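The structure appears below as structure tokens.
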Amino acid sequence: MLLELDRVEVRYGPIRALRAVSLKVDPGEIVALLGANGAGKSTTLRTISGLIHPNAGTVVFDGTPIQRMPSHDIVELGVGHVPEGRRIFPMMTVLENLEMGAYLHRGDVSKNLERVYALFPVLAERRRQDGGTLSGGEQQMLAIARSLMSSPRLLLFDEPSMGLAPMFVKTIFQIIREIRDEGTTILLVEQNASQALQLADRAYVLENGSIVMSDRADVLLQDPRVRAAYLGEGAA
């Protein structure tokens with residue numbers, strides 16, 4: 001097991017954002033986390049990456065408890081995070097954005113640059129351009145590439161297809177599969193439930209901060225409750 005959350009609770013004042021959330025991710029998997037807006041999906045990812053410290057419960061990455069670690073130490077352990085909204089540095093060039101992603105990496109950065117340029121040829125072509133001049137889809141590619149520069153073993157994706165044109169959505173999902181096939185484990189939060197379940201090995205469903213369903217992705221894709229709630233179909 002690469003990642004395990006055990007009864008994690010997060011509160012924002014009197015509001016319980018996560019309620020005894022338990023989940024696991026095994027090496028080499030793509031695991032999807034589904035739920036409506038406000039269900040606690042982004043809070044779960046931010047808790048894993050150290051941007052939020054839980055009020056209760058444990059987060060264990062490859063045998064190491066990380067729930068009290070600062071985020072930069074968690075990055076060094078091998079956890080990357082592609083946040084919702086991309087969060088690139090718009091006034092910095094593509095190359096400078098990528099170099100920022102490698103600031104904790106102690107290995108040969110040039111090899112990681114070669115890897116991300118192979119995955120994203122458009123970034124190689126535009127490496128001298130400011131990040132803010134890229135299209136939305138290209139900025140999402142840059143956000144993913146920047147996270148790969150730290151050589152993560154686990155990559156957290158928060159709504160990677162949000163706001164993208166359909167042609168870019170297809171490309172982004174293909175790239176996520178390629179990243180997994182190259183050996184990086186994926187935990188994916190995605191509004192497009194159908195695409196996420198077709199891509200993932202397993203999935204969890206969050207409602208009001210609690211895990212209410214979990215199963216193989218292909219099983220959940222056919223579940224009438226999931227289809228009614230997240231795929232816009234009437235319950236059978």
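Here are the numbers for this structure:
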item: Given (1) free of Cβ contacts under 8 Å to residues at least 60 places away in the same chain; (2) surrounded by 15 or more Cβ atoms within 10 Å (Cβ to Cβ), number of the condition A32 does not satisfy; result: (1)
item: Residue within region 180-198 that is among the basic types (K, R) and loosely packed, with under 15 Cβ neighbours inside 10 Å present; result: no
item: Close pairs (7 angstrom Cβ cut-off, 6 or more residues apart or separate chains): farther than 14 Å from V116 by Cα and in contact (Cβ under 8 Å) with a residue 40 or more places away in the chain in region 126-152, of a type in the set (D, E, K, R) and surrounded by fewer than 23 Cβ atoms within 10 Å (Cβ to Cβ) anywhere; result: L134/R126
item: Failed condition for V94, given (1) under 30 Å from D62 (Cβ atoms); (2) aliphatic (A, V, I, L, M); (3) buried (at least 16 other Cβ atoms within 10 Å of the Cβ); result: (1)
item: Test: residue in region 145-167 that is hydrophobic (A, V, I, L, M, F, W, C), surrounded by fewer than 21 Cβ atoms within 10 Å (Cβ to Cβ), in a helix (DSSP H, G or I) and modelled with pLDDT of 95 or more; result: no
item: Subset of region 58-111 (residues that are of a type in the set (S, T, N, Q), closer than 21 Å to I175 by Cα and without any contact (Cβ under 8 Å) to a residue 24 or more places away in the chain); result: S110
item: Hits in region 19-54 - residues which are closer than 17 Å to A203 by Cβ and of a type in the set (A, V, I, L, M); result: V21, L23, V25, I30, V31, A32, L33, L34, A36, A39, L45, I48
item: Residues of region 178-236 that turn out to be β-branched (V, I, T), under 16 Å from the mean Cα position of the chain (by Cα) and not in a loop (DSSP other than H, G, I, E, B), as a count; result: 5
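Condition check ((1) within 15 Å of the chain's Cα centre (by Cα); (2) at pLDDT below 95; (3) under 21 Å from R153 (Cβ atoms); (4) among the hydroxyl-bearing types (S, T, Y)) across all residues:
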{"residue": "A36", "(1), (2), (3), (4)": "no, yes, no, no"}
{"residue": "T43", "(1), (2), (3), (4)": "yes, no, no, yes"}
{"residue": "P54", "(1), (2), (3), (4)": "no, no, no, no"}
{"residue": "G63", "(1), (2), (3), (4)": "no, no, yes, no"}
{"residue": "M91", "(1), (2), (3), (4)": "no, yes, no, no"}
{"residue": "N97", "(1), (2), (3), (4)": "no, yes, no, no"}
{"residue": "G132", "(1), (2), (3), (4)": "no, yes, no, no"}
{"residue": "Q139", "(1), (2), (3), (4)": "no, yes, no, no"}
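The values are calculated or read from the model by the stated rules, or taken from the named source; none is laboratory data. As the structure is a prediction and not an experimental result, all values here were calculated from the model. Using ideal geometry, Cβ is built from the backbone for each residue, glycine included, and neighbour counts are taken over all protein chains shown.
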